[in-house]
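Novice: After the structure tokens below, expect a handful of questions from me.
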Amino acid sequence: MRPPLYITMHERDNVAIVANDGGLPVGTVFPSGLTLVDKVPQGHKVALVDIAAGEAVRRYNVIIGRAAKAIPAGSWVHERLLDMPDARSLEGLPIATVKPPPLAPLEGYTFEGYRNADGSVGSRNILAITTTVQCVAGVVDFAVKRIKSELLPKYPHVDDVVGLEHTYGCGVAIDAPDAIIPIRTLRNISLNPNFGGEVMVVSLGCEKLQPERLLPPGSFAIVDERSEPQALDVVCLQDDAHVGFMSMIDSVMKAADAHLQRLNARRRETVPASELVVGVQCGGSDAFSGVTANPAVGFCTDLLVRAGATVMFSETTEVRDGIDQLTSRASSPEVADAMIREMAWYDAYLRKGQVDRSANTTPGNKKGGLSNIVEKAMGSIVKSGSAPISGVLSPGEKAKQKGLIYAATPASDFICGTLQLAAGINLHVFTTGRGTPYGLAEVPVIKVATRSELARRWHDLMDVNAGRIADGDASIEEVGWELFHLMLDVASGRKKTWAEQWKLHNALVLFNPAPVT
Ligand code: CA
């Protein structure tokens, strides 16, 4: 049994979280002399001092709420004792005010990747079959199974075959302004660096999202810049030539075979770490997310930026309450304005559904000690490290620059992952406290546990245990470096993540704010 321990995030905080597995009983005396007057579960907050009714409750040196009634020192500070503050106005924010000293370049780190014709680099060599509409999903699934069993064994340098299934394409208001989001998401996913530019499409024929609309001529130049613009490779199921189901399967397999031959001829080559494009997100968060895993990811984010790589953080409702931190860290007023534009768009989107950012927190978050979205956001935002924010992407856009980028996405794990795939990630980092077996077929997902208890219980699902930080067995810097080295190993194919090992593949989930018809 470890001695009773609480973790404070900032010297001005008047609450801290209980670190011990299983929580601590009433009467527990901490080395500081603080005595618990309530039983406090692990990860939940304890009042360090007497807090008067109406007084600010601070964690991360941020007001996470006001005391609904007097809270004596040593009390369990739970959700019902906190009145949540309103979201910060998007007017009058500090704009590009923080000029952090430039981070020293980190040189000499490399990985083995697949260089694409457009200069991007894949961490895997995968044949992706793009679909225009959900109607074809069953056929593509059938074909993919046969491709895996009959064709893939002939092509040992190809890692996998993936059908890019989704629920879009028909029954949608295709000309609504916001329809651009799901359409460009699908387009950019099919151009993800892990697919080597070998774009092939399966279409039904009568759907609203026609292949030329999904991938107009010139939009898939990744294929090969040396040759003439190529015609899009489309298998159309309603084509007259298809007589019976098996002829459709034959067509898909024939098309796949040509792409597999080219993919199989590719080899990994040594490339600088600057070719990493890493998406970070969290899911199933708890109070340790912002203490262990996310700070370690944030340290690693800084390492990636120093190495010249691209790293993106996302999840709009989980950064909304820290918008002033982000606009002040923007590298230019234009970047800050773009950040505000995305927040304002999302505020309006939520308002249309008669909710606000507080709809984000889950029962599991609360069980894990996170009282509200303000507290959750402060823990989430630390994944972004300390570098200046040099770019902003709207949902579904592709990253075109290096450095730290804000890719605006919902916080939903699958939608965020899907939009980060569209943004061009070749590696995904996912932190979790409650635990989720999340994985993607398209890019490797490295999962980081916030607590040792979770890492022990889910020993064959979690790739990194950041809980050692709370245990006092490792520093944030040590876990950050461990993650950085693991990224290079995983990107090189030298190591597989647990999600890859077990083939845990969550569905692509498009963000479609446009009407469905
Ligand atoms: Ca998430």
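The values are calculated or read from the model by the stated rules, or taken from the named source; none is laboratory data. Quick caveat, the model's predicted, so the values are computed rather than measured. Don't worry about glycine lacking a Cβ; one is built from the backbone with ideal geometry, like all the others, and counts go over all protein chains shown. Note: accessible area is taken over every heavy atom of the protein model, side chains too, but ligands, DNA and RNA are not part of it. Shrake-Rupley method; radii C 1.70, N 1.55, O 1.52, S 1.80 Å.
Novice: Once amide H atoms are built 1.01 Å from N in the peptide plane, which residues 5 or more positions from A176, or in another chain, come under 5 Å H to H?
Specialist: It is none; the list stays empty.
Novice: Student exercise: in the range 106-264, how many lysine pairs 8 or more apart or on different chains have Cα atoms under 20 Å apart?
Specialist: So the count of such lysine pairs works out to 4.
Novice: Right, next: Using each residue's phi in the range 12-26, evaluate 6.51 cos²θ - 1.76 cosθ + 1.60 at θ = phi - 60° and report the 3J(HN,Hα) Karplus result to the nearest Hz, with x for Gly and Pro.
Specialist: 8, 5, 10, 9, 9, 10, 6, 8, 5, 3, x, x, 9, x, 4
Novice: Just to check I understand the Karplus step: with θ = phi - 60° and J = 6.51 cos²θ - 1.76 cosθ + 1.60, what whole-Hz values come out for the range 92-98, glycine and proline as x?
Specialist: Ordered by residue, 3J(HN,Hα) equals x, 7, x, 10, 6, 8, 8 Hz.
Novice: Follow-up question, since we're still on this one. The range 25-75 to the range 412-431: how many Å between their Cα centroids?
Specialist: The range 25-75 and the range 412-431 have Cα centres separated by 36 Å.
Novice: For K495, go through the lysines and keep the ones whose alpha-carbon is under 16 Å away, minus same-chain ones fewer than eight residues off.
Specialist: K447, K503
Novice: State the Cα centre-to-centre distance between the range 486-517 and the range 88-162 in whole Å.
Specialist: 9 Å
Novice: Could you tell me how many degrees, from 0 to 90 and to the nearest 10, lie between the Cα long axis of helix 294-306 and the main elongation axis, the longest principal axis, of the Cα atoms of the chain?
Specialist: So the inclination is approximately 50 degrees.
Novice: For K45, go through the lysines and keep the ones whose alpha-carbon is under 24 Å away, minus same-chain ones fewer than eight residues off.
Specialist: Filter leaves K69, K366, K367, K376, K383.
Novice: Still on this structure: Dividing the Cα convex hull volume of the chain by residue count, how many Å³ per residue is that?
Specialist: Taking only Cα atoms, the chain has a hull volume of 150 Å³ per residue.
Novice: For the range 348-434, report the accessible area per residue in Å² (1.4 Å probe, heavy atoms, rounded to an integer).
Specialist: Accessible surface, normalised per residue, equals 30 Å².
Novice: Convert 25 °C to kelvin, take the viscosity as 0.890 mPa s, use the Kirkwood radius over C-alpha pairs of the range 313-404 as Rh, and evaluate the Stokes-Einstein diffusion coefficient in µm²/s, rounded to a whole number.
Specialist: For these conditions, the coefficient is 175 µm²/s.
Novice: Measuring with a 1.4 Å probe in the full set of protein chains, what accessible area per residue, in whole Å², belongs to the range 130-183?
Specialist: 41 Å²
Novice: Quickly estimate the mean residue ellipticity at 222 nm for the chain, helices only: each DSSP H run with n ≥ 4 gives -39500 (n - 2.57), and the total goes over all residues, rounded to 500.
Specialist: The helix contribution divided over the chain gives -8000 deg cm²/dmol.
Novice: Test of the criteria: in the range 6-86, which GluC sites (Glu not before Pro) are in a DSSP loop and have at most 13 other Cβ atoms within 10 angstrom of their Cβ?
Specialist: When the GluC sites (Glu not before Pro) of the range 6-86 are filtered for loop state and at most 13 Cβ neighbours within 10 Å, E11 remain.
Novice: Long-range amide H contacts for V392: which residues qualify at under 5 Å (H placed 1.01 Å from N, peptide plane, sequence gap of 5 or more or a different chain)?
Specialist: Y406
Novice: Compute the acute angle (0 to 90°) between the alpha-carbon long axis of helix 333-352 and the principal axis of greatest extent of the alpha-carbon atoms of the chain; round to the nearest 10°.
Specialist: 90 degrees
Novice: Rounded to a whole number, what % of the accessible area of the chain do carbon and sulfur atoms account for, probe 1.4 Å?
Specialist: Reported share for carbon and sulfur atoms: 55 percent.
Novice: So, one more: Tell me, what HN-Hα J-couplings in whole Hz come from the Karplus equation 6.51 cos²θ - 1.76 cosθ + 1.60 at θ = phi - 60° for each residue of the range 197-202, using x for Gly and Pro?
Specialist: x, 8, 7, 9, 10, 10
Novice: Below 8 Å, C-alpha to C-alpha, sequence gap of six or more: please give me the relative contact order for the chain in percent.
Specialist: Worked out over the chain, it gives 18 percent.
Novice: So who's got an amide H within less than 5 Å of the one on G65, skipping anything under 5 residues away but keeping other chains? H placed 1.01 Å off N, in plane.
Specialist: So G65 has HN proximity to V57.
Novice: Express the relative contact order of the range 256-343 as a whole percentage, based on alpha carbon pairs under 8 Å and six or more residues apart in sequence.
Specialist: Taking the mean separation of contacting Cα pairs over the length of the range 256-343, I get 29 percent.
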